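Participant: What follows is a structure written as structure tokens; I'll ask about it next.
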Amino acid sequence: MRFCWLLITLGAVVLPNDICAKDAKPASMRAQVTVDNWDKGGALSHWVYTHLPEVFPAAVVRRAGAIVDLPRQLQPEIGGLVLKEDDGSSRTLDQFVNDGAVDGCIVLHAGKIVYERYPTIQPNDLHLIYSVTKAFVLTTLAILEDQGRVDLQKPVENFLPELKGSAWAGIRLRDVADMRSGIEGNESSNDAYRNPAHKQFQLEATLGWQPRTAPNLPEAVGSGDLLAFLGTLKREHKPGETWAYTSSNTAVIAEAISRVTRKSLADAISELLWSKIGAEHDALLAENERGFPVGHAGMAATLRDLARFGLLFTKNPAPGQRDVISEQTLKRIFTSRGGADEHGMLPLTYQWDLLSDKGELAKGGWAGQLLYINRDKDVVVAYSGTNLTDNPKLELLPCRIIAKTFF
């Protein structure tokens, strides 16, 4: 859910100062939640983002094995980083974070915690990560690719016969994985999440995240039938040519993973990925009433476990992580669509939001979620947030500046 709005310095969202997990009263908060208001921002959204299974059906993404240790070697100077504002004023990173810009922020260098703050949540809270979920889904796909269980050159209908005869037929899974399917539903504005006529709104209504009360919705939306809904979508562009942020692509990938593995998406992510990263906690994955996963945005995890996932992509993952992401996968991520432009930005693959020739990867999500990895600097930054309104103002969390200044 939600186009990530990644800016070159990577976006965050302003939060109200009175958002705080300890202030929430579970019974009264849950009574206020509806499918219309849960993501509109403020204290109610903050409560939902940290209490996912109390609002939506959710499957467990199970951890296993030894926990990867994250030694604390805090560098106070990171918090003192001076950030320049557009109006000429300045504030430190600590002030920015503590003023309510994020729910939590963690920075790892060489596998050690060098900066960590939790203004409005606790370290063990499972926080909804929205579209950062896509990184887990597509990494699971890449692992299946390495195992020879998925050929991305094959068309969608080879994996999902229900979509034979639909606009998806003939589109390579490679183009779906890279957001180049040409299928309608581009999330280029907030209208995608507020207008019932928009195909992204309808996708989320099918998955139980938007109301189903608007007139003229496809029948599949009302019944929660994800595959039937995907079959109603039309093709807007020739596959393989135009990149467009369209979460229906992730839904197709998620269903293909389930078919190949003969497991639910939650179980597939657990078996192939989450159980191997040294996570401290289980994660969660939202589903609709029919068991279809919210594969594009429905995971919840702790910030430290999100950072542990980020370590997989560094040049020095933890000892227990070193066989999870192959060099072949990393090569495909960084090179499969060609070289860098004049700014060092690479064509986007595997639904990452930023790839650079400096070894950077980033994936963002609505309401201030972000995972940033700098392979050359051995840095991982992860943060969680809550939107103040349904059309939030963006702030900047300078992940690239942190990496460049201190490492």
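The values are calculated or read from the model by the stated rules, or taken from the named source; none is laboratory data. None of the values given here were measured: they were computed from a predicted structure. Ideal geometry is used to build each Cβ from the backbone, glycine not excepted, and the neighbour counts take in all protein chains shown. Only protein heavy atoms, including side chains, enter the accessible area calculation; ligands, DNA and RNA are left aside. Shrake-Rupley method; radii C 1.70, N 1.55, O 1.52, S 1.80 Å.
Participant: Assign unit charges at the C-beta atoms only (+1 for Lys and Arg, -1 for Asp and Glu), then state the dipole size of the range 292-407 relative to its Cα centre in Debye, rounded to the nearest 20.
Facilitator: Magnitude of the dipole: close to 240 debye.
Participant: At 0.36 nm per residue, and after removing the present C-alpha to C-alpha distance, how many nm does the segment from E85 to E54 gain when stretched out fully?
Facilitator: 7.3 nm
Participant: Taking the radius of gyration and the Kirkwood hydrodynamic radius from Cα positions alone, what is the Rg/Rh ratio for the range 179-233, to two decimal places?
Facilitator: Numbers: Rg = 10.5 Å, Rh = 11.2 Å.
On the Cα set of the range 179-233, Rg over Rh gives 0.94.
Participant: For the range 119-242, what is the convex hull volume of the alpha-carbon atoms per residue, in Å³?
Facilitator: On the way: hull volume 19.2 nm³, N = 124.
Spelled out: Cα convex hull of the range 119-242, divided by residues, is 155 Å³.
Participant: Out of the range 124-224, which trypsin sites (Lys or Arg not before Pro) are coil in DSSP terms and have no more than 16 other C-beta atoms within 10 Å?
Facilitator: Those satisfying the criteria are R149, K164, R212.
Participant: Once label points are set 7 Å from the Cα along Cα→Cβ at both D390 and N37, what is their separation, rounded to one decimal in nm?
Facilitator: 1.2
Participant: Spelling out what I want: for every residue of the range 362-377, take phi, set θ = phi - 60°, compute 6.51 cos²θ - 1.76 cosθ + 1.60 (Karplus), and round to whole Hz; glycine and proline get x.
Facilitator: Rounded to whole hertz, the list is 8, 9, x, x, 3, 6, x, 9, 7, 10, 10, 10, 10, 5, 5, 9.
Participant: Continuing with this model, one more query. Nearest 20 debye, what's the magnitude of the dipole of the chain about its Cα centre given +1 on Lys and Arg Cβ and -1 on Asp and Glu Cβ?
Facilitator: The dipole magnitude comes to about 740 debye.
Participant: Further question: Enumerate the calculated ³J(HN,Hα) couplings along the range 233-238 in order (Karplus 6.51 cos²θ - 1.76 cosθ + 1.60, θ = phi - 60°), each rounded to whole Hz, writing x wherever the residue is Gly or Pro.
Facilitator: 3J(HN,Hα) across the range 233-238, in whole Hz: 6, 10, 8, 9, 9, 5.
Participant: Moving to a separate point now. Roughly how large, in nm² to one decimal, is the mean projection of the convex hull of the alpha-carbon atoms in the chain?
Facilitator: Result: 18.6 nm².
Participant: Return the sequence-ordered ³J(HN,Hα) values of the range 216-230 in whole Hz as given by the Karplus equation 6.51 cos²θ - 1.76 cosθ + 1.60 applied to θ = phi - 60°, using x for Gly and Pro.
Facilitator: 6, 6, x, 4, 5, 5, x, 8, x, 8, 4, 5, 5, 5, 4
Participant: What relative contact order, as a whole-number percentage, does the range 222-329 give when Cα pairs under 8 Å and 6 or more residues apart are counted?
Facilitator: On the way: 81 pairs, mean separation 25.6, N = 108.
Here the relative contact order equals 24 percent.
Participant: Next question. Which value, in debye to the nearest 20, gives the size of the charge dipole of the range 139-182 about its Cα centre, when Lys and Arg are +1 and Asp and Glu are -1 at the Cβ?
Facilitator: 100
Participant: Positive end of the charge dipole of the chain (Lys, Arg +1 and Asp, Glu -1 on Cβ, about the Cα centre): tell me which of Q122, N37, Q153 has its Cα farthest that way.
Facilitator: So the residue we want is Q153.
Participant: Would you mind computing, in nm to one decimal, how far apart the modelled labels at T405 and Q153 are, each placed 7 Å from Cα along Cα→Cβ?
Facilitator: 4.8
Participant: D376 to T213: extension gain in nm, 0.36 nm per residue of separation minus the Cα-Cα distance?
Facilitator: So the extension gain works out to 53.7 nm.
Participant: What distance in nm separates the simple spin-label points at D146 and R62, each placed 7 Å from Cα in the Cβ direction?
Facilitator: A separation of 2.3 nm, rounded to one decimal place.
Participant: Mean-square fluctuation check for the chain, GNM, Cα pairs under 10 Å: which of D353, D323, D87 is largest?
Facilitator: Of the options given, D87 has the highest mean-square fluctuation.
Participant: When only DSSP loop residues count, what GluC sites (Glu not before Pro) in the range 188-279 have their Cβ near at most 10 other Cβ atoms within 10 Å?
Facilitator: Values: sites: E204, E219, E236, E241, E255, E271; in loops: E236, E241.
The qualifying sites are E241.
Participant: In the range 269-327, which trypsin sites (Lys or Arg not before Pro) fall in coil by DSSP and have 14 or fewer other Cβ atoms within 10 Å?
Facilitator: Qualifying residues, ordered by number: R290, K315, R322.
Participant: Now for a different question. Please list the radius of gyration and Dmax for the range 42-165, considering alpha-carbon atoms only, with Å as the unit.
Facilitator: 20.4, 59
Participant: Relative contact order, percent, of the chain when contacts are C-alpha pairs under 8 Å separated by at least 6 residues?
Facilitator: Value for the chain: 28 percent.
Participant: Taking N as the number of residues in the range 294-407, what is its Cα Rg relative to 2.2 N^0.38 Å? Mind dumping the intermediate values first?
Facilitator: On the way: Rg = 14.7 Å, N = 114, 2.2 N^0.38 = 13.3 Å.
Normalised Cα radius of gyration, the range 294-407: 1.10.
Participant: Rg over Rh of the range 265-314, using C-alpha atoms and the Kirkwood radius, what does it come to?
Facilitator: Details: Rg = 11.4 Å, Rh = 11.5 Å.
Here the Rg-to-Rh quotient is 0.99.
Participant: Another one. Probe of 1.4 angstrom, ligands and nucleic acids ignored: what's the accessible area per residue over the chain, in square angstrom?
Facilitator: It amounts to 38 Å² per residue over the chain.
Participant: Using helices alone, what [θ] at 222 nm do you get for the chain, with -39,500 (n - 2.57) per DSSP H run of 4 or more residues, divided over all residues and rounded to the nearest 500?
Facilitator: -7500 deg cm²/dmol
Participant: For the range 180-221, what relative contact order do you get, as a whole percent, if you take Cα pairs closer than 8 Å and at least 6 residues apart?
Facilitator: Taking the mean separation of contacting Cα pairs over the length of the range 180-221, I get 26 percent.
Participant: Across 10 Å bins from 0, what is the distribution of all Cα-Cα pair distances for the range 100-170, in whole percents?
Facilitator: P(r) for the range 100-170, in whole percents per bin: 15, 25, 27, 15, 17, 0.
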